[in-house]
Structure formats: structure tokens, C-alpha cells
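One structure is given below, encoded as C-alpha cells.
The values are calculated or read from the model by the stated rules, or taken from the named source; none is laboratory data. In this text the structure is predicted, and so the values were computed from the model without any measurement. A quick note on method: Cβ atoms are made from the backbone with ideal geometry, for glycine too, and the neighbour counts reach across all protein chains shown.
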Amino acid sequence: MHQLQAKYFSHFDAVLDKKLNEPYWLWENEIAKIVSDSLHYNNGKEYELWAFAIMPNHVHALISLLKNSLPLYSILQRHKRHTARQCNKFLKRTGHFWEDETYDHLVTDDEEFENITNYILNNPVKAGLVNDWREWKWNYLSQGTNCKFVRRS
């Protein structure tokens, strides 16, 4: 089952990285900053934020829910509602900003945590946007995360 899920995710993410005719609002620094600020806002309140990559048309984030936090779907719903409102205001537009669906995955062990962290941070490299994950302005790695294991894709 895990291999099938990994294959599906890899295919899905490859489609997102292709240059398709869709909104690339997250290319704009102000839009990416709104999303970044929102992710950081609940860090330590609802979840522990380990890593994220804000791509031109999607976002990857690795979080651990804190004890007594809201369910993940509620946290994501609030994040998407807030950022959609702020981003649409900046773009002087109304309407749908985010897709309704998310791809959520439960991390089960340290090796998987390491692999997912690497995947997230190296997504801009894989997409051909930068040569090294450290060059992507909208990558984040928590200082609490062991940076030694982050490798180049």
C-alpha cells in the first residue's frame, strides 16, 4: 500500500511541477509571504512546523500536530480561508484561490520523516527552479530539524 501511495504522490507532484496553463500566483513574493506568514503563525500553537516549500502553484508542508490541537482538516481549512482572503485582496480579485483537495500523509517513522523533508526542500530543485534547495527563497527548515540529513536531490 505504501508503494502505491508513494507512486501516486510522485505522479501527482510531477504534474504540478509542469508548466501548465493555471494560476501561478505563488510566484509573487507578496503572495508567497502571506502563505509563509500564515504557516509560521500557528507554529507552536496548533502544530510544530518542520519544513515547507512554497512552489509557484502549490505548497508542501511537514507539520506535527500538538496535543489538544484542532484536527488537521480544520487547521488547513482556516489556513486556506485566511490566505485566500489575503491573497485575493492583494491580487484585487475574488473567487476561488486554493483547490478544495489536499494530499495529506501520516509520517510513521524517522526514515520517512527524513525522506519527506528531503523531498519538500528539494522540490524546487526537481522542478528546475534552482540548483540547490538553499537557493529557494520560499523553503523553510526548522532549526529543530537536523540539517545534516538534508541532501541534494
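Enumerate the pairs (first residue in the stretch 34-45 and farther than 24 Å from L91 by Cα; second residue anywhere and surrounded by 15 or more Cβ atoms within 10 Å (Cβ to Cβ) and of a type outside the set (D, E, K, R)) with beta-carbon separation below 6 Å, excluding pairs fewer than 6 apart on the same chain, so at least 6 apart or on different chains.
Within 6 Å, the pairs are N43/L49.
So which of T102, T108 is part of a loop (DSSP other than H, G, I, E, B), β-branched (V, I, T) and touching a residue at least 12 places away in the same chain (Cβ under 8 Å)?
Only one candidate qualifies: T102.
Restricted to the stretch 1-46, and to residues that are among the aliphatic types (A, V, I, L, M) and surrounded by 15 or more Cβ atoms within 10 Å (Cβ to Cβ), which residue is modelled with the lowest pLDDT?
Within the stretch 1-46, the match that is modelled with the lowest pLDDT is L16.
Rundown of residues vs (1) under 24 Å from W136 (Cα atoms); (2) over 13 Å from the mean Cα position of the chain (by Cα); (3) of a type in the set (G, A, S), yes/no style:
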{"position": "A53", "(1), (2), (3)": "yes, no, yes"}
{"position": "N57", "(1), (2), (3)": "yes, no, no"}
{"position": "K67", "(1), (2), (3)": "no, yes, no"}
{"position": "L72", "(1), (2), (3)": "no, yes, no"}
{"position": "E101", "(1), (2), (3)": "no, yes, no"}
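For the structure I just gave you, tell me whether K92 is of a type in the set (K, R) and at pLDDT below 95.
No; evaluated as a whole, the condition is false for this residue.
Among (1) surrounded by 13 or more Cβ atoms within 10 Å (Cβ to Cβ); (2) assigned to a helix (DSSP H, G or I), where does W50 come up short?
That leaves (2) as the condition not met.
Looking for something touching a residue at least 12 places away in the same chain (Cβ under 8 Å), surrounded by 13 or more Cβ atoms within 10 Å (Cβ to Cβ), within 22 Å of Y119 (Cβ to Cβ) and of a type in the set (V, I, T) - is there at least one such residue anywhere in the stretch 83-98?
no
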